[in-house]
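One structure is given here, and the rest of the page talks about it.
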Amino acid sequence: MKTLAIKIVELYQLSLSPDHSKWGKLRFPHGYCQYFPSCSEYTKHSIQKNGLIKGFFQGLYRIIRCNPLSRGGIDLVK
Amino acid sequence: MGNIFHLILTQPLLNTLIWIYNILPFKDMGVAIIALTLLIRLVLLPSFHRQLKSQKELQQLQPKLNEIKEKYKNDQQQQSKAIMELYREHKVNPFSSCLPLLIQLPILIALYSVFLSGLKGDIGSELYPFIANPGDINTVFLGFVELSNPNLYFAFAAGIFQFIQSKMMMPKNQGPQDATAKIMSAQFTYFMPILTVIISMRLPAGLSLYWAVTTLFAIAQQYYIIRKDQKRSE
């Protein structure tokens, strides 16, 4: 299950992600996500480290924080 | 989940649409759809201007950026971190954020269902108490286009506008690109507009009208950016 979830995130990064996909790097040469690592990368790390359920919610919480009102910055998985 | 979605997205949007329809001096659902579309794009305008501003500031930082990139050539992580620090120091925020990106799809789905029910007229139970029920809804746009049926011209208009938009978005003179990147941008430029036409041909023309208007707005924004860029480089 965990491996599958990570594969799904990686598939997203290859195809749709504005930060990691080929077209995204063309369109947004300075990066899209205001955090480092990006939301999808953060979610991936969190699933690897904390398991599927906690990782899912941590990732979701990160995406909610990644809004126009927040300042962004460096934010690693705890 | 479906209930929350309905409560916070679909219902408010539907009520706004009907409110606009009610205050129009002439009853035309097509004009109401255009007005709601423009209203949504106007709400999003401030974030667009913020992006423009940071683009300008970013160009001034370019030498320092190149310095960092040279320094941490082999360490992607260190490089990203140093760049983030630089942005923070100079109070530049060139980034977008993920939430608006991921929320666009639900809004699009909500708008589609709003325009569909606006065109069908089955709205009685959805209206807030302070929004008057307009009764029969006039779905004939400008007196000659029936918006609740598919319309070939509108479908093609939506596709053509989208083609123009993606053509404008294509970065010019990006230097050598690898093959995959080229294929990807070609797909965006040619495949997506064709898909738009095919899908719009089956949907009520009111939805194609929405798509055409929202894309036209994006084209205008893009044109504004390009003009500004040219002025700067002169």
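When the helices (runs of 4 or more DSSP H) confined to the stretch B:128-208 are screened for residues that are modelled with pLDDT under 90 and either within 14 Å of chain A (Cβ to nearest Cβ) or surrounded by 12 or more Cβ atoms within 10 Å (Cβ to Cβ) (or both), those reaching at least 2 such residues are found at B:152-169, B:179-186.
Please enumerate the residues belonging to the stretch B:82-102 that are surrounded by fewer than 17 Cβ atoms within 10 Å (Cβ to Cβ) and within 20 Å of residue A:17 (Cα to Cα). Across the stretch B:82-102, the qualifying residues are B:100, B:102. Taken over the stretch A:10-20, the criterion of being under 23 Å from residue A:68 (Cα atoms) and in a helix (DSSP H, G or I) is satisfied by A:12, A:13. Residue B:61 fulfils the conditions (1) at the interface with chain A (Cβ under 9 Å from one of its Cβ atoms); (2) in contact with a helix residue (DSSP H, G or I) (Cβ under 9 Å, 6 or more places away or on another chain) except for a single criterion, (1).
Checking residue A:70 against (1) under 23 Å from residue B:84 (Cβ atoms); (2) touching a helix residue (DSSP H, G or I) at 6+ places or on another chain (Cβ under 7 Å); (3) of a type in the set (S, T, N, Q): exactly one of these is not met. Which one? It is condition (2) that residue A:70 fails. Hey, could you check the stretch A:3-32 for residues that are surrounded by fewer than 17 Cβ atoms within 10 Å (Cβ to Cβ) and of a type in the set (Phe, Trp, Tyr) and say which is farthest from the chain's Cα centre (by Cα)? Looking at the filtered set, the residue picked out is A:28.
Give me the residue from the stretch B:87-104 that is more than 11 Å from chain A (Cβ to nearest Cβ) and not charged (D, E, K, R) and, out of that set, farthest from the chain's Cα centre (by Cα). Explain how you work it out, then say what you get.
Residues of the stretch B:87-104 that are more than 11 Å from chain A (Cβ to nearest Cβ), as a first pass: B:89-90, B:104.
Then keep just the ones that are not charged (D, E, K, R); that gives B:90, B:104.
Working: B:90: 30, B:104: 8 Å.
Going through the qualifying residues, I end up with B:90.
So, of the residues in the stretch B:69-81 that are surrounded by 14 or more Cβ atoms within 10 Å (Cβ to Cβ) and within 12 Å of chain A (Cβ to nearest Cβ), which turns out to be farthest from residue A:38 (Cα to Cα)?
Step one: list which residues in the stretch B:69-81 are surrounded by 14 or more Cβ atoms within 10 Å (Cβ to Cβ), which gives B:72, B:79-81.
Still in the list and also within 12 Å of chain A (Cβ to nearest Cβ): B:79-81.
Numbers: B:79: 14, B:80: 10, B:81: 12 Å.
Taking the candidates together, the pick is B:79.
The values are calculated or read from the model by the stated rules, or taken from the named source; none is laboratory data. Keep in mind it's a predicted model, so treat the numbers as computed, not measured. Positions of Cβ are backbone-derived with ideal geometry, glycine not excepted, and every protein chain shown enters the neighbour counts.
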